Amino acid sequence: MNILIFEDEIPAYDKLVSFIEKHFPDVQFKGWARSINEAKRLLKKNPDIQLIFSDIELLDGQSLSIFRDVKVQCPIIFCTAFDQYVLEAFKTNGIAYLLKPYDEDKFKEAVDKYRTLFDSEERGVIDPAVLEDIEIIKETKNYKQRFTVKKKGGIKLINTPDISSFLANGDFSFAVDKNGEKHVVNYSLGAIESKVNPDLFFRINRSEIINIDYIEKIEPYFKNRMAIKMKGLAEVVHTSTAKTPEFRNWIDR
């Protein structure tokens, strides 16, 4: 059983390997990639891969871009902390979506699904007829419509569409409204990212999320980054190098 693993976090990798070895006694690990470039290299080097376990966020961007650029014939089981990429994951050869922190029971469910879908003698080759029969069911995502912020006069409500950006600040964040006023919200930036509509909001780097409706100007910046002028923000913000390709795709949807 030839398996590849795309995972940037070492503890998550170690946990995954322990589960794989238990449920696939005949496993042959063909490689481990922590970045997009490493993953592409492994895929080209190993055309006989039968199953891939992949995180969504790697060191230099999203693994989903790998499967857009490289044709993959085998199934993929995604293991990630983010739930907003389910539909996009299943547009690739994804057959299961494990949300971290998953336990062995959830892992076994994904493995059982793999074994149900693929004939033991031809494991790793997806039959188009099988894929046509897979119905992807996803509950309508209820994105956060408003945020509550504490002010001297009491609690204030800010509608999410009126927020131009979110800025990280330790365990909480600032919501910046269209007038440039900052409001403290009791969520980390990672939590906010999972609660807002990804069609409108994008995390451009580790510390900033922006609303596409408030972008005034975009210019190239050094090291393949982008400089973005936002309504409500006096300073220009910048994409990280890793996020720039994904940002370009996001604004061009």
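Residue check: is Phe67 among the hydrophobic types (A, V, I, L, M, F, W, C) and closer than 19 Å to Pro11 by Cβ? Spelling it out, it is not the case that Phe67 is among the hydrophobic types (A, V, I, L, M, F, W, C) and closer than 19 Å to Pro11 by Cβ.
Selection of segment 192-206 for residues being under 17 Å from Thr148 (Cα atoms) and among the β-branched types (Val, Ile, Thr) yields Ile192, Val196. Only one of the numbered conditions (1) in a strand (DSSP E or B); (2) closer than 15 Å to Tyr114 by Cα is violated by Phe90, and that is (1). Only a single item in (1) in contact with a Cys (Cβ under 7 Å, 6 or more places away or on another chain); (2) at pLDDT 90 or above; (3) within 30 Å of Ser240 (Cβ to Cβ) is not met by Gln50, and it is number (3). Residues in segment 1-19 that are among the acidic types (Asp, Glu) and closer than 18 Å to Cys74 by Cβ: 1 in all.
Within segment 82-121, the set of residues being within 15 Å of the chain's Cα centre (by Cα) and in contact (Cβ under 8 Å) with a residue 24 or more places away in the chain comprises Phe82, Asp83, Gln84, Tyr85, Val86, Leu87, Glu88, Ala89, Phe90, Thr92, Lys100.
Of everything in segment 57-73 that is surrounded by 20 or more Cβ atoms within 10 Å (Cβ to Cβ) and without any contact (Cβ under 8 Å) to a residue 40 or more places away in the chain, the residue that is farthest from Ile204 (Cα to Cα) is Phe67.
Restricting to segment 45-71, name every residue that is of a type in the set (D, E, K, R) and part of a helix (DSSP H, G or I). Selection gives Lys45, Arg68, Asp69.
Condition check for Ala96 on (1) part of a strand (DSSP E or B); (2) closer than 23 Å to Asn249 by Cβ: one failure, at (2).
Looking across Asn186, Asn205, one residue alone is modelled with pLDDT under 90 and assigned by TED's automatic domain parsing to the domain that holds Val237. It is Asn186.
The values are calculated or read from the model by the stated rules, or taken from the named source; none is laboratory data. Note that the structure is a prediction, hence the values are computed from the model and not measured. Because the Cβ atoms are built from the backbone with ideal geometry, glycine has one as well, and the counts that use them run over all protein chains shown.
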